[in-house]
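Below: the structure, in structure tokens.
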Amino acid sequence: MNFENILVENSNGLATITINRPKKLNALNKATIEELHSAFNSLDQDNETKVIIITGSGEKAFVAGADISEFAHFSIEEGGSLAQKGQEILFDFVENLSTPVIAAVNGFALGGGLELAMASHFRIASDNAKMGLPEVSLGVIPGYGGTQRLPQLVGKGKAMEMIMTAGMISAEEAKQVGLVNHVTSQEELLGLAEKIAGKIMKNSSVAIGAAIRAINDNFKDGVNGYTSEIKEFGNCFGTEDFKEGTTAFLEKRKPQFPGK
Ligand code: COA
């Protein structure tokens, strides 16, 4: 995979996507969003890839938001289409992947940057990270799912305050409010992400995909998450991973999941 705005590494089932526009604090322009879609899509299609880590290059930013220079002159229709397309090809797309995505937030995660981290399945952060949705300071609101995912993660009151004030919170506060799961030093951030990925990779990738779908269904309009869970649970019984997992347990050995 050859890209201009992102780097993709993939070895032993673990892929790392690094957004690589450090001079623009990794701001998400149209080209970067399209490249991210393409990278996530091919990694998710690849049965060998078990976990994807998303991070930003440089020491300053994960992603400092959508690229303001690209949309400053947009009309109402263009603004609506920017949000719709972005949600479709990147933010909803990432949230609904069957391959787990961990956001390793290595600095500023603002606007679309925090929205990308929130669309990931969970987040860890370096202790210098700063997170916020500053859109109202530009006269706009979050458009890549931020008004929906932030309250899911931190509760309505905290989300209201963060969005209305356009303020940033520290990594430590983000951990306290449930926005990130772990905080570590910048040097140790990718190591920690890889360590957690290693624990995930020992388990059945088919069951993990089913769990992601069932959990996400809790937050979808008109979908009963309990019904989804029953369906996904039942389907697991038809997989080779389930046969291997239960047989290995009964034979007192470690499972070797075929991922099918
Ligand atoms: N879109 C486009 N360019 C951006 C950007 C964004 N969201 N965020 C940063 N950049 C660019 C800056 O314009 C600057 O480019 P330049 O060197 O060509 O002038 C470069 O990245 C470095 O940013 P700078 O503002 O000089 O760094 P700083 O350390 O002084 O401030 C931030 C860092 C993150 C506080 C500041 O860049 C910022 O507020 N960015 C916008 C955040 C935002 O509102 N995001 C939501 C967008 S919807």
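For this structure, a couple of remarks:
- For the chain, the carbon plus sulfur part of the accessible surface works out to 54%, probe radius 1.4 Å.
- Helix-only mean residue ellipticity at 222 nm for the chain, each DSSP H run of n ≥ 4 adding -39500 (n - 2.57), per residue, nearest 500: -13000 deg cm²/dmol
- Remark: the residue 74-residue 249 segment gains 57.2 nm on full extension, using 0.36 nm per residue and subtracting the alpha carbon distance.
- Within segment 116-138: backbone nitrogen closer than 12 Å to the residue 172 label point (7 Å, Cα to C-beta): 127-128
- Sites residue 237 and residue 260 - FRET efficiency at Förster radius 22 Å, r taken between beta-carbons, to 0.05: 0.95
- Using alpha-carbon coordinates, inclination of helix 30-45 to the longest axis of the chain, degrees: 0 degrees
- Exposure of residue 162 as accessible area (Å², to 10), given a probe of 1.4 Å and all protein chains: 10 Å²
- Accessible-area ranking of 149, 21, largest first, probe 1.4 Å: 21, 149
- Computed packing ranks the peptides 167-178, 44-55 as 44-55, 167-178, most packed first, by mean other Cβ atoms within 10 Å.
- For residue 73, the accessible surface of its heavy atoms amounts to roughly 130 Å² (probe 1.4 Å, protein chains only, rounded to the nearest 10).
- Distance violations [Cα-Cα > 29 Å] among 231/254; 50/252; 24/85; 85/243; 60/260; 24/156: 85/243; 60/260; 24/156
- Where labels lie 7 Å past Cα in the beta-carbon direction, separation of residue 199 and residue 165 in nm: 3.1 nm
- Beta bridges assigned by DSSP with both partners in the chain are antiparallel in approximately 30 percent of cases.
- Anchor residue 158: lysines whose Cα lies under 23 Å away (excluding residues fewer than 8 positions away in-chain): 130, 175, 220
- Placing dummy labels 7 Å off each Cα toward the beta-carbon, the span from residue 42 to residue 226 is 4.4 nm.
- Label reach from residue 98 (point 7 Å along Cα→C-beta): in segment 228-245, amide nitrogens under 12 Å belong to 236, 239-241.
- Heavy atoms of the protein chains alone define the surface here; on that basis segment 148-259 has 64 Å² accessible area per residue at 1.4 Å probe size.
- Computed with every protein chain present, the accessible area of residue 144 is close to 20 Å² [probe 1.4 Å].
The values are calculated or read from the model by the stated rules, or taken from the named source; none is laboratory data. Every value quoted in this text rests on a predicted model; they were computed, and no experiment measured them. Quick reminder, even Gly has a Cβ in these numbers, built from the backbone with ideal geometry, and neighbours come from all protein chains shown. All accessible areas refer to the heavy atoms of the entire protein, side chains included, with ligands and DNA or RNA removed. Shrake-Rupley method; radii C 1.70, N 1.55, O 1.52, S 1.80 Å.
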